[in-house]
Amino acid sequence: MTPLDTLADIVGSKNLLRDPADIAPYAVDWRGTWRGEPDAVLRPGSTAEVAEAVRRCAALGLAIVPAGGRTGLSGAAVPAANGPASVVLSLERLNRIRDLDARDFSLVAEAGCVVQTVQQAAAEAGRLFPIQWGAQGTAQIGGMLSTNAGGIRTLRWGNARELVLGLEVVLPDGRVLDDLRRVRKDNSGYALRHLFIGGEGTLGIITAAALRLVPALRRIESAFVAVPSPDAALSLYGRIMECGAEVVGFELCARFCLQMAERHGVGLRMPLPLDSPWYVMVEIAAAHPSVPLREMLEETLAAALEGGEALDAVIAESEAQRAMIWKIREDYPDCARREGPAVGTDTAVPVSAVPAFVNTAERELKARWPEGRMAAIGHAGDGNIHLSLLAPAGWTDRAAWAERAGAMEALVNGIAVSLGGSFSAEHGIGQSKRHAMATHKNPVALDVMRSIKGALDPEGRMNPGKVLP
């Protein structure tokens, strides 16, 4: 027996994975870009087991890489190449909903709960857990919070951070920080939970969270709108925001993105012919069933059509049609991956700067890489536009395209930052954006972050090689 095998005393032999075939799924990210070589995978089943595993790993000199549903896009849940000896600590067995209080509009879930499971539990109680994005059927609460995930409803309810009332966290020394209180007002010093939300496991391991719920949406209306330009889309956004309803989705999509979805998607049907350069997906909602949402949307879109901000529009006539509109958006990332090699970004700018950002990036990318194909899609309602540069049709060598067009990311990040934006909107830093942190993050902010890291994790054992450059 090796010292590493003693970890089975904590989690049980079947939850200590040592065989390379068993470890393999935990050693690569969703995109297949980042790969690591953990010595083992631990799957604890309780907070106490997580705490004891952390203490034991410290004694063995092992680094810890926390992992959730492993749907992240920045390589945060995979050991860094050439990093120290490490184990992946998967939270998948911490999958219980500990409490749901409909009267309090709150829920306490363990880190391994799948996001969709939490959504369903809230719905059964007549409530809504409002975060939504394509990976919600696989992503877990701990990973969602550790990366401060966003999604299509950020413009109304904010990123994951805004939905957290309290956390339970295992610290790097094995102590448990129990801050699961569900009060809305707690002005008793530092809001410690915010250190770990977006921390990507570099400061501690989230094991449970008290989450904020909102009233269920009793009426929903969605529309698919053809617009002539991003500037026209911004004008439409202003109209929609003033229509009197809750705006819960406003997505901007270039025609090329929808064409990719049409080519590679399974069962996707476009609501309109793809003869406009840009499209918008809109969703408005209300908690009371008597709110005249359809009339509000019809009037708003009619005014947009008359004003030239929209070229054509269709409002979903059934739940199936509404679901199809959003399935197109949610399935897009996988469709784009099937199209071929690409270099992608995750930027955000002030909402009013979206047209300038898209237009400037398009001009600069065409000048630098005329053979590339720009894809632009994202959450225009919160300023988070995902720009990608795809290789020419038929190009299959991903490594060669990454080398050819790798500078695209820095160029687009620079444009976003120059417009008052950020180089990382919702996917996190992980391994993929550490170079951007060094370039664009305020030096004082970096110094503060390093001080916090040094205070909580002086040995640097928590998810090394992530976030901080």
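Using DSSP to define loop residues, name the GluC sites (Glu not before Pro) in region 7-107 whose beta-carbon has at most 12 other beta-carbon atoms within 10 Å.
Working: sites: GLU49, GLU52, GLU92; in loops: GLU92.
Hits after loop and neighbour filter: nothing returned.
Could you state the angle between the C-alpha long axis of helix 230-241 and the longest principal axis of the C-alpha atoms of the chain, as a value from 0 to 90 degrees rounded to the nearest 10?
With rounding to tens, the tilt is 80 degrees.
Measure nothing fancy, just the Cα-based angle from helix 319-339's long axis to the longest principal axis of the chain, in degrees from 0 to 90, nearest 10.
Here the helix axis deviates by roughly 60 degrees.
Computed FRET efficiency, Cβ-Cβ of ALA85 and GLU371, R0 45 Å: what is it to the nearest 0.05? Intermediate results must be reported in sequence, preceding the final value.
Numbers: r = 43 Å, r/R0 = 0.96.
My answer for the efficiency is 0.55.
Give me the mean projected area, in nm² to one decimal, of the convex hull enclosing the Cα positions of region 268-406. Walk me through the numbers before you get to the answer.
Values: hull surface 40.8 nm².
About 10.2 nm², averaged over all directions.
Taking a label point 7 Å from the Cα of GLN259 along the Cα→Cβ vector, which residues of region 357-387 have an amide N closer than 18 Å to it?
Under cut-off, by backbone N: 362-363, 365-367, 369-378, 387.
Arranged from highest to lowest average of other beta-carbon atoms within 10 Å per residue, in what order do the peptides 165-171, 418-424, 140-146 appear?
On the way: 165-171: 23.1, 418-424: 18.7, 140-146: 29.9.
Order by mean packing, descending: 140-146, 165-171, 418-424.
As a check on your grasp of the helix formula, calculate [θ] at 222 nm for the chain: sum -39500 (n - 2.57) over DSSP H runs of n ≥ 4, divide by the residue count, round to the nearest 500. Walk me through the numbers before you get to the answer.
Working: 16 runs with 160 residues, N = 469.
Helix-only estimate at 222 nm: -10000 deg cm²/dmol.
How tilted is helix 255-264 with respect to the longest principal axis of the chain? Cα atoms for both, answer in degrees (0 to 90, nearest 10).
60 degrees
Where the accessible area of the chain is counted over protein heavy atoms with a 1.4 Å probe, how much of it, in %, is carbon and sulfur? Mind dumping the intermediate values first?
Working: 9900 of 19540 Å².
Roughly 51 percent, rounded to a whole number.
If you stretched the chain out fully between SER451 and ALA302, how much longer would it get, using 0.36 nm times the residue separation minus the C-alpha to C-alpha distance? Don't jump to the answer; show the numbers that get you there.
Values: separation 149, 0.36 × 149 = 53.64 nm, distance 5.47 nm.
Result for the pair: 48.2 nm of gain on full extension.
Can you give the three extents of the C-alpha atoms in region 121-264 along their principal axes, from longest to shortest, in whole Å?
Sorted largest first, the three principal extents are 56, 34, 31 Å.
Specify, per residue and in Å³, the volume enclosed by the convex hull of the alpha carbon atoms belonging to region 168-236.
Working: hull volume 13.9 nm³, N = 69.
Per-residue hull volume (Cα only) is 201 Å³.
Could you state the orientation-averaged shadow area of the convex hull built on the Cα atoms of the chain, in nm² to one decimal? Write down the numbers at each step before the final one.
Working: hull surface 89.6 nm².
Averaged projected hull area, Cα only: 22.4 nm².
Kindly provide log₁₀ I(q)/I(0) values, in the same order as q = 0.13, 0.17 Å⁻¹, from the Debye equation applied to equal alpha-carbon scatterers of region 367-464.
-0.61, -0.92
Among the lysines, select those whose C-alpha is under 27 Å from the C-alpha of LYS433, and discard any that sit fewer than 8 residues away in the same chain.
Output for LYS433: LYS366, LYS441, LYS453, LYS466.
For region 94-183, what is the convex hull volume of the alpha-carbon atoms per residue, in Å³?
Working: hull volume 8.8 nm³, N = 90.
Enclosed volume per residue, from the Cα hull, is 97 Å³.
Calculate, for the chain, the solvent-accessible area per residue in square angstrom, rolling a 1.4 angstrom probe over the heavy atoms of the protein chains.
Working: 19540 Å² over 469 residues.
Per-residue accessible area for the chain comes out at 42 Å².
Between ARG337 and GLU317, with labels modelled 7 Å along Cα→Cβ, what's the label distance in nm to one decimal, could you check?
Once both label points are built, they end up 3.5 nm from each other.
The values are calculated or read from the model by the stated rules, or taken from the named source; none is laboratory data. Since this is a predicted model, take the numbers as computed values, not measurements. Note: ideal-geometry Cβ built from the backbone for every residue, glycine included; neighbour counts use all protein chains shown. SASA here: full protein model, heavy atoms, side chains in, ligands and nucleic acids out. Shrake-Rupley method; radii C 1.70, N 1.55, O 1.52, S 1.80 Å.
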